[in-house]
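Asks: Submitted below is the structure of interest, expressed as structure tokens.
The values are calculated or read from the model by the stated rules, or taken from the named source; none is laboratory data. Only a predicted model underlies this, so the values are computations on that prediction, with no experimental measurement involved. Here the Cβ positions follow ideal geometry from the backbone for every residue, glycine too, while neighbour counts run over all protein chains shown.
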Amino acid sequence: MSTPGGGPGLTNLKFLVVDDHAQIRSLVRTILFALGARNILDAADGGEGLKVATESEPDIVIVDWAMEPMSGIDMVKAMRQSNNDKLKYIPIIMLTGFSERGRIVAARNAGINEYLLKPISPRTLYSRVRAIIEQPRRFVKTKYYFGPDRRRGEETFNGPDKRGTGEEGAQDDMSIQMTQDEIEAEYFMPTVAGSAASAEQYVSPGIRRAQELAKKNRR
């Protein structure tokens, strides 16, 4: 399978897939392989995933939410709170069946880069990976939050930053279901053009190589 839309290939990227269902891990692995990825690791829960991520330093992590004993959301928080730059800056795609608005806000506040609903297709998965490569988000650190910048377009904000406090989205009704298109439009639109990684932000060699190839393909 060629990459949809002629986008960047995934050959140089190392992926970590974390899901407690072996069938899902196999499906995601198959899709990634078909898209060109050859270095794919997996784990069955957040604790194992955190261990593999620390030891193997993947370029991108794809993680489920509901797992035991450590959930995917707790794995995300542990990564973002790590003192290891090679761990805390890894781009994270949350792959889950949860489509409730409140869950999406909580995942965003934990520091994920992208949110992808199950069931997945090669095109939707690739679109999120491509967004990570071609539209990298600058990481920001505040009193309550560390993770990818969530501001959209030319939006500016002068009030107190409540990301990660639990206040943002506190009134969101967990009964409100969102589609993938709605999630992307409301919460994961690209940030300001050119808002690439800051000087202190760690970017893995695999991601840098993929970005270089993407730029060449656009010329």
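Asks: Taking the criterion of being in contact (Cβ under 8 Å) with a residue 40 or more places away in the chain, touching a Lys or Arg at 6+ places or on another chain (Cβ under 6 Å) and aliphatic (A, V, I, L, M), would at least one residue in region 127-140 satisfy it?
Replies: No, region 127-140 has no match at all.
Asks: Among the residues of region 56-65, is there at least one that is more than 18 Å from the chain's Cα centre (by Cα) and on the phi < 0 side of the Ramachandran plot?
Replies: no
Asks: Out of curiosity, is Ile104 among the β-branched types (Val, Ile, Thr), over 9 Å from the mean Cα position of the chain (by Cα) and surrounded by 21 or more Cβ atoms within 10 Å (Cβ to Cβ)?
Replies: Taking the combined requirement at face value, the residue satisfies it.
Asks: Would you confirm whether any residue within region 114-123 is touching a Ser or Thr at 6+ places or on another chain (Cβ under 7 Å), part of a loop (DSSP other than H, G, I, E, B), surrounded by fewer than 22 Cβ atoms within 10 Å (Cβ to Cβ) and of a type in the set (D, E, K, R)?
Replies: Checked region 114-123: at least one residue is touching a Ser or Thr at 6+ places or on another chain (Cβ under 7 Å), part of a loop (DSSP other than H, G, I, E, B), surrounded by fewer than 22 Cβ atoms within 10 Å (Cβ to Cβ) and of a type in the set (D, E, K, R).
Asks: Sticking with this structure for a sec: Restricting to region 175-196, name every residue that is over 15 Å from the mean Cα position of the chain (by Cα) and at pLDDT below 80.
Replies: Scanning region 175-196 gives Val192, Ala193, Gly194, Ser195, Ala196.
Asks: How many of the residues in region 124-141 are assigned to a loop (DSSP other than H, G, I, E, B) and touching a Gly at 6+ places or on another chain (Cβ under 8 Å)?
Replies: 0
Asks: If you don't mind, another one. Just to be sure I understand, how many residues within region 73-88 are over 18 Å from His21 (Cα atoms) and either of a type in the set (Gly, Ala, Ser) or crowded, with 23+ Cβ neighbours inside 10 Å (or both)?
Replies: 4
Asks: Given the conditions (1) in contact with a Lys or Arg (Cβ under 6 Å, 6 or more places away or on another chain); (2) modelled with pLDDT under 95, report the number of the one that Arg80 does not fulfil.
Replies: (2)
Asks: Please name all residue pairs, on different chains or six or more residues apart, with Cβ atoms under 8 Å, provided the first residue is in region 50-70 and is within 18 Å of Ala107 (Cα to Cα) and the second residue is of a type in the set (Ser, Thr, Tyr) and assigned to a loop (DSSP other than H, G, I, E, B).
Replies: As it stands, the answer is Trp65/Ser71, since those pairs meet every condition given.
Asks: Does region 89-97 include one or more residues that are free of Cβ contacts under 8 Å to residues at least 40 places away in the same chain, surrounded by fewer than 18 Cβ atoms within 10 Å (Cβ to Cβ) and among the β-branched types (Val, Ile, Thr)?
Replies: For region 89-97, residues free of Cβ contacts under 8 Å to residues at least 40 places away in the same chain, surrounded by fewer than 18 Cβ atoms within 10 Å (Cβ to Cβ) and among the β-branched types (Val, Ile, Thr): absent.
Asks: Tell me whether region 127-136 contains one or more residues that are more than 17 Å from Ala110 (Cα to Cα), touching a Pro at 6+ places or on another chain (Cβ under 8 Å), hydroxyl-bearing (Ser, Thr, Tyr) and modelled with pLDDT of 65 or more.
Replies: Yes, the conditions are met somewhere in region 127-136.
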